[in-house]
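I have placed the structure first, in the form of structure tokens, so that the comments after it can refer back to it.
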There are 2 protein chains.
Amino acid sequence: MNFSTSEENYLKAIYHLQEEDSTVSTNALAEKLSTKAASVTDMMKKLSAKGLLNYTPYYGFSLSADGKKIALFIIRRHRLWEFFLSQKLGFSWEEVHQLAEELEHVSSKKLIDRLDEFLDFPSYDPHGDPIPDSKGKLLPRNNLPLALLPKNTAAEVCQVTNQSAEMLELLKHKNIGIGTRLELKKHFPFDQSIELKIKTKTVTISEQLAKNIFVTYEQINQ
Amino acid sequence: MNFSTSEENYLKAIYHLQEEDSTVSTNALAEKLSTKAASVTDMMKKLSAKGLLNYTPYYGFSLSADGKKIALFIIRRHRLWEFFLSQKLGFSWEEVHQLAEELEHVSSKKLIDRLDEFLDFPSYDPHGDPIPDSKGKLLPRNNLPLALLPKNTAAEVCQVTNQSAEMLELLKHKNIGIGTRLELKKHFPFDQSIELKIKTKTVTISEQLAKNIFVTYEQINQ
DNA sequence: CTAAATTTTTAGATTTGTCTAAATTTTAAA
DNA sequence: TTTAAAATTTAGACAAATCTAAAAATTTAG
């Protein structure tokens, strides 16, 4: 099935509002989408009829299993484009979102899967939000300050706080960005500096820099 | 000014039809866009009112200077995306067009200029059609079989005829694709093989392969 | 537990892009 | 040069997505 840009925007907005509250109200959605309550009601009838929503008039709505699946694919497209714009085209994190809002509606699955591959299957977008994989699965967001990463464990940079020009310059020089895969090798108590392995190289990072870098790694099944 | 997807498609179609005939008829445009003559007339009134067309009812239409400029920017977006899809995501030349039809309507100038830079400012798309530069200028299309390129002249691969898997495998091995910059160094009459310089490397090409590769180079101002 | 306030839905209108069918204009042919 | 054929435009309708204003349902407060 194919959806209009407008339908997709509604599905995505409902998904995000559901992260806060399991049921979404007409007004909340209208505000999120900068539209009017009456327009929301109209669209809710439409999405309900397509089986994407659980909707009881006057009592709010939530995504059905189908609706949730579609929302995750839209979010996948959005976040992969954000990653591309940031990593490959050098856009700043503020610019990336608006552009991805447009690109996300190009819906070819093959295109998105190829883009994913081209980007080396990143798990997190430039804002540190997880990117659903090609089956719609999301990694849990378990961001960890780099300094707390267990040693010799494959991890991925998923968020970088502080976006000052100075810090970005330093990160660029060290070839570290969102999606960079690394391992923590050594930790020196004297100045809290750490040594990382990135691909085959060894890189040293100061305490100040490490504080601003967050990583995730595959948790061992418990 | 901003244009709807539909307006953009009309402008682009008129531009292409004008390459054949300087004036475009309602029916020709309707057929090109798989729509009805009445819809075309409606849109022509709209584009006329915006000053993008020269339009005399019953006598066809042509793009105004403004309309042409906009059409060229849309074509720029289309062809840069085609180049990206082919070179970076590995799509075949048949698949590329349909996907670019959607991507071309994302209209941020900054995005397209960055994409252009990322792709290293290619002059030709995967079909060998010239890509307008950021000012809307098109290189003339002066495709030349690789074997006829003057020696020691910087040139760019702009078209590859024959898309058999075997040939693509060979091209890939030799790191040759649309946009590859090269110079002809030597030509051996014995077997008509040629030697090229690509970046800093020397590459040998058989007569059969050379026949399928077309290049352009900057003509000296005459 | 009623009445006011709030939220949501309905009714009816608007815009964009499209369509069919009818009317008009141009072109071509006898 | 008149008339039939072809091309184009106009008129009127429709679907999608939106809006405003009014009506209906729910919530909250006294």
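The values are calculated or read from the model by the stated rules, or taken from the named source; none is laboratory data. In this text, all values refer to a predicted model and were calculated from it rather than measured experimentally. Note: ideal-geometry Cβ built from the backbone for every residue, glycine included; neighbour counts use all protein chains shown. These area figures cover heavy atoms from the full protein model, side chains too; ligands, DNA and RNA do not enter into them. Shrake-Rupley method; radii C 1.70, N 1.55, O 1.52, S 1.80 Å.
Quick notes
- Contact map, the stretch B:1-26: first residue over 15 Å from B:V40 (Cα atoms), second residue at pLDDT below 95 and within 14 Å of DNA strand C (Cβ to nearest atom), Cβ cut-off under 9 Å, separation 6 or more or different chains; pairs are B:N2/B:S107; B:F3/B:S107; B:D21/B:G60.
- Helices (runs of 4 or more DSSP H) completely within the stretch B:1-97 that count 1 or more residues being farther than 30 Å from A:F118 by Cβ and more than 16 Å from DNA strand C (Cβ to nearest atom): B:5-20, B:65-87
- The residues of the stretch B:98-112 that are surrounded by fewer than 16 Cβ atoms within 10 Å (Cβ to Cβ) and under 16 Å from the mean Cα position of the chain (by Cα) amount to a single one, B:Q98.
- Residue within the stretch A:52-66 that is loosely packed, with under 15 Cβ neighbours inside 10 Å, modelled with pLDDT of 95 or more and more than 30 Å from B:S86 (Cβ to Cβ) present: yes
- Among residues that are free of Cβ contacts under 8 Å to residues at least 24 places away in the same chain and either among the hydroxyl-bearing types (S, T, Y) or assigned to a loop (DSSP other than H, G, I, E, B) (or both), B:K197 is not included.
- Selection from the stretch B:42-51 of residues that are within 11 Å of DNA strand D (Cβ to nearest atom) and either surrounded by fewer than 15 Cβ atoms within 10 Å (Cβ to Cβ) or among the small types (G, A, S) (or both): B:D42, B:K45, B:S48
- Of the criteria (1) at pLDDT below 95; (2) away from DNA strand D (no atom under 13 Å from the Cβ); (3) buried (at least 17 other Cβ atoms within 10 Å of the Cβ), which one B:I74 fails: (1)
The rows are residues; the columns are (1) open to solvent by 30 Å² or more (accessible area, probe 1.4 Å); (2) of a type outside the set (S, T, Y); (3) under 20 Å from B:Y124 (Cα atoms).
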{"site": "B:A147", "(1), (2), (3)": "yes, yes, yes"}
{"site": "B:E156", "(1), (2), (3)": "no, yes, yes"}
{"site": "B:L171", "(1), (2), (3)": "no, yes, yes"}
{"site": "B:I178", "(1), (2), (3)": "no, yes, yes"}
{"site": "B:Q192", "(1), (2), (3)": "yes, yes, no"}
{"site": "B:V203", "(1), (2), (3)": "no, yes, no"}
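- Applying the criterion of being within 14 Å of another protein chain (Cβ to nearest Cβ) and of a type in the set (A, V, I, L, M) to the residues of the stretch B:46-97, the residue that is farthest from B:A13 (Cα to Cα) is B:L89.
- When the stretch A:137-148 is limited to residues that are at pLDDT below 90 and not aliphatic (A, V, I, L, M), the one that is farthest from A:V215 (Cα to Cα) turns out to be A:P140.
Matching residues to (1) modelled with pLDDT of 90 or more; (2) in a strand (DSSP E or B):
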residue: B:L115; (1), (2): yes, no
residue: B:H127; (1), (2): no, no
residue: B:K135; (1), (2): yes, no
residue: B:P150; (1), (2): yes, no
residue: B:C158; (1), (2): no, yes
residue: B:E166; (1), (2): no, no
residue: B:K172; (1), (2): no, no
residue: B:N175; (1), (2): yes, no
